[in-house]
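For reference, the structure discussed in these notes is given below.
The values are calculated or read from the model by the stated rules, or taken from the named source; none is laboratory data. All values derive from a computational prediction rather than experimental measurement. Positions of Cβ are generated from backbone atoms using ideal geometry, with glycine treated the same way; all protein chains shown enter the neighbour counts.
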Amino acid sequence: MTVRVQTADFDLSTEVAALRAGNPAIGAVVSFVGVVRDMNEGQDVSTMELEHYPGMTEKALEDIVAQAHARWDLLDSLVIHRVGPLLPLDQIVLVVVASRHRGEAFAACEFIMDYLKTEAPFWKKEQTAQGARWVDARETDDQALAKWGIASGNAAPAGEGKA
C-alpha cells in the first residue's frame, strides 16, 4: 500500500510494473487515471491548481486505502495524487489496485476514487475566462460515495472546493 502526493507527473506503465514486480499471486490489476479537462460546467478551463495540507492529506489518503484493504482481499495498491498548477490533458491522479481476482480489484479501485472525489482534503481552483473559481464535489460524487454506505463528510475535514 503506497500513497504519494507530488507535483511531478507519473508514468502509468512504470507504476503498474513496479506494483506487480515479484508477486505471482496477483491475478488482476485495475487502474484509473484522472486527467484535467479543458471544460467544466460549460466553461473553458485554462489551468487548474490543486492545493492540500501536507501530512494531513497523506494521512487521509492512507485511511481511504486502508478502508479498501479492509473491505476487499487486496494484494497491493497505489495512489498518486498531484498538486500544484496543472493544464488540460495533465494527469491528476492514479489509483492502481492489485488482487487475486478482477471483481475485488475493480470494486476497490472504484471505491477509492469515489472516496477521493468527495472526502480527500484537496482543493481545486480553476482558471476560466470569467476568472478563478473553486470547484466543489458534485452531487453525483456524493451519490457515488453513498453506494458504499458512507455519507459525504464522514472521512476527512470539510473544505471548499474538494476534488
Matching residues in segment 1-37 (touching a helix residue (DSSP H, G or I) at 6+ places or on another chain (Cβ under 8 Å) and farther than 20 Å from R82 by Cα) number 4
Could you go through segment 52-63 and let me know if any residue there is closer than 30 Å to A132 by Cβ, loosely packed, with under 14 Cβ neighbours inside 10 Å and touching a residue at least 60 places away in the same chain (Cβ under 8 Å).
yes
Exercise. Kindly indicate whether V5 is farther than 20 Å from V97 by Cβ, in contact with a Ser or Thr (Cβ under 8 Å, 6 or more places away or on another chain) and surrounded by 14 or more Cβ atoms within 10 Å (Cβ to Cβ).
Key: no
The strands (runs of 3 or more DSSP E) lying wholly within segment 33-148 that contain at least 2 residues that are of a type outside the set (S, T, N, Q), more than 17 Å from the chain's Cα centre (by Cα) and closer than 21 Å to L12 by Cα are 74-82
Going through segment 13-41 in order, the residues found to be surrounded by 14 or more Cβ atoms within 10 Å (Cβ to Cβ) and hydroxyl-bearing (S, T, Y) are S31
Taking segment 15-32 and keeping residues more than 21 Å from E58 (Cβ to Cβ) and either hydroxyl-bearing (S, T, Y) or more than 17 Å from the chain's Cα centre (by Cα) (or both) leaves A17, R20, A21, G22, N23, P24, A25, I26, G27, A28
* To do: Consider L86 carefully, then state whether it is within 22 Å of A129 (Cα to Cα), at pLDDT 95 or above and surrounded by 15 or more Cβ atoms within 10 Å (Cβ to Cβ).
  => yes
Discussion item. Here is a check on your reading of the model: is A105 surrounded by 22 or more Cβ atoms within 10 Å (Cβ to Cβ) and either at pLDDT below 95 or of a type in the set (G, A, S) (or both)?
Written reply: yes
Worksheet item: Out of all the residues in segment 64-82, is one or more farther than 19 Å from W134 by Cα and among the aromatic types (F, W, Y)?
Response: yes
query = Any chance segment 79-90 includes a residue that's under 18 Å from M1 (Cβ atoms), hydrophobic (A, V, I, L, M, F, W, C) and touching a Leu at 6+ places or on another chain (Cβ under 6 Å)?
reply = yes
